1. Quick check on the stretch 40-56. Is at least one of its residues among the polar types (S, T, N, Q) and under 12 Å from the mean Cα position of the chain (by Cα)?
2. So which of Arg19, Arg38, Arg71 is in a strand (DSSP E or B) and either touching a helix residue (DSSP H, G or I) at 6+ places or on another chain (Cβ under 7 Å) or under 16 Å from Gly102 (Cβ atoms) (or both)?
3. Say we look at the stretch 29-69 and pick out the residues that are acidic (Asp, Glu) and modelled with pLDDT of 95 or more; which of these is most open to solvent (accessible area, probe 1.4 Å)?
4. When residues of the stretch 74-93 are filtered for being in a strand (DSSP E or B) and small (Gly, Ala, Ser), how many remain?
5. Among (1) modelled with pLDDT of 95 or more; (2) more than 19 Å from Gly10 (Cα to Cα); (3) in contact with a strand residue (DSSP E or B) (Cβ under 9 Å, 6 or more places away or on another chain), which single condition is Tyr94 missing?
6. Looking at Ser30, Ser21, which one is touching a residue at least 40 places away in the same chain (Cβ under 8 Å), of a type in the set (Ser, Thr, Tyr) and out of contact with any Gly (no Cβ under 6 Å at 6 or more places or on another chain)?
7. Please indicate, with yes or no, whether at least one residue in the stretch 53-60 is assigned to a helix (DSSP H, G or I) and without any contact (Cβ under 8 Å) to a residue 40 or more places away in the chain.
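The values are calculated or read from the model by the stated rules, or taken from the named source; none is laboratory data. Just so we're clear, the structure is a prediction, and the values are computed from it rather than from any experiment. Using ideal geometry, Cβ is built from the backbone for each residue, glycine included, and neighbour counts are taken over all protein chains shown. Each accessible area value is taken on the protein alone, full model and side chains, heavy atoms only, with ligands, DNA and RNA left out. Shrake-Rupley method; radii C 1.70, N 1.55, O 1.52, S 1.80 Å.
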Amino acid sequence: QVQLVESGGGLVQPGGSLRLSCSASGSISSFDAMAWYRQAPGKQREVIAILTGGGRTIYEDSVNGRFTISRDNAKNTLYLTMHSLKPQDTAVYYCNAAQTDGSWWGQGTQVTVSS
């Protein structure tokens, strides 16, 4: 059973930066892909950044150029580095790991962008 634990969320002013971390209980190099999702109040969960096992990155348009997804295989950790944060980035952020035989979620971390 894979366990994912997100951290790094918090309150930040518009224009600020945060780095989210997602620590896995096992090796992340075995996953076909890992991703960051977010869910704003009253909205559906949406995927915002994907990192494939081959190292390809894919971003949702609203975060492209501001957010960077990366991983450290030695630390079994996925990251989301966020710059130029906007109030509309306020949401609970979740990491996801996927293999052919399953998909796993973390519990989420709250990011609030407000002055």
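1. Among the residues of the stretch 40-56, not one is among the polar types (S, T, N, Q) and under 12 Å from the mean Cα position of the chain (by Cα), which makes the answer no.
2. On the way: Arg19 fails: either touching a helix residue (DSSP H, G or I) at 6+ places or on another chain (Cβ under 7 Å) or under 16 Å from Gly102 (Cβ atoms) (or both); Arg38 fails: either touching a helix residue (DSSP H, G or I) at 6+ places or on another chain (Cβ under 7 Å) or under 16 Å from Gly102 (Cβ atoms) (or both).
After ruling out the rest, the residue left standing is Arg71.
3. Asp61
4. Here the count works out to 1.
5. Exception for Tyr94: condition (2).
6. Ser30
7. We begin by selecting, within the stretch 53-60, every residue assigned to a helix (DSSP H, G or I); these are none.
No, there is no match, as no residue in the stretch 53-60 is assigned to a helix (DSSP H, G or I) and without any contact (Cβ under 8 Å) to a residue 40 or more places away in the chain.
Let's see how each residue does on (1) under 20 Å from Pro41 (Cβ atoms); (2) in contact with a Phe, Trp or Tyr (Cβ under 6 Å, 6 or more places away or on another chain); (3) among the β-branched types (Val, Ile, Thr):
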{"position": "Thr68", "(1), (2), (3)": "no, no, yes"}
{"position": "Tyr79", "(1), (2), (3)": "no, no, no"}
{"position": "Gln88", "(1), (2), (3)": "yes, no, no"}
{"position": "Val92", "(1), (2), (3)": "yes, no, yes"}
